[in-house]
1. Which members of region 78-130 meet the condition of being in contact with a Lys or Arg (Cβ under 8 Å, 6 or more places away or on another chain) and in a helix (DSSP H, G or I)?
2. For a quick check of your reading of the model, give me the residue pairs whose first member lies in region 90-102 and is within 16 Å of ALA79 (Cβ to Cβ), whose second is polar (S, T, N, Q) and in a helix (DSSP H, G or I), with beta-carbon atoms closer than 7 Å and at least 6 apart or on different chains.
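Values quoted throughout were computed directly from the atomic coordinates according to the rules given, and no laboratory measurement underlies them. Predicted model only: the values in this text are computed from it and were never measured. A quick note on method: Cβ atoms are made from the backbone with ideal geometry, for glycine too, and the neighbour counts reach across all protein chains shown.
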Amino acid sequence: MSNEYVSSLEAEQSTVTLGVARNIRPRTNDENRMQMEGFQSAMQVEEGITRSEQVSSDITHFDWKEFLCKSALLPEEFASRHASRFLRIFGDNPQVIRRKSLELMGIPEQYIQQILIATMLLEENTEMKE
């Protein structure tokens, strides 16, 4: 093959390569940009989910069922049935429990005594820890 023929093939190949590169490059940049935006969006969504999971796991409610069963020594059936009512009425603070509130809730007298004693003991334990 002559040098002229090889040179013309190389020149033509360069021209074709340049043309292909010009046609492909903008599309590739757009695709890359779109792909990066997709990754960033996915990462933000994932971070948002992780943050919301962390926030919701940081928010812990007082476990009324455990308190009623283990501290007040009430039957588990009673604790299961009334734990959500205690949460709605007293929130996360057992120290706000008063006899009158328990009476208005219809709690039997024998259970009222146990709940009030458990509340006092819990309050003493909390003060001792501080």
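1. Step one: of region 78-130, the residues in contact with a Lys or Arg (Cβ under 8 Å, 6 or more places away or on another chain) are 79-80, 83, 105, 112, 116.
Answer for region 78-130, where residues must be in contact with a Lys or Arg (Cβ under 8 Å, 6 or more places away or on another chain) and in a helix (DSSP H, G or I): ALA79, SER80, ALA83, ILE112, LEU116.
2. Sorted first by the residue in region 90-102, then by its partner, the pairs are PRO94/THR119; ILE97/THR119.
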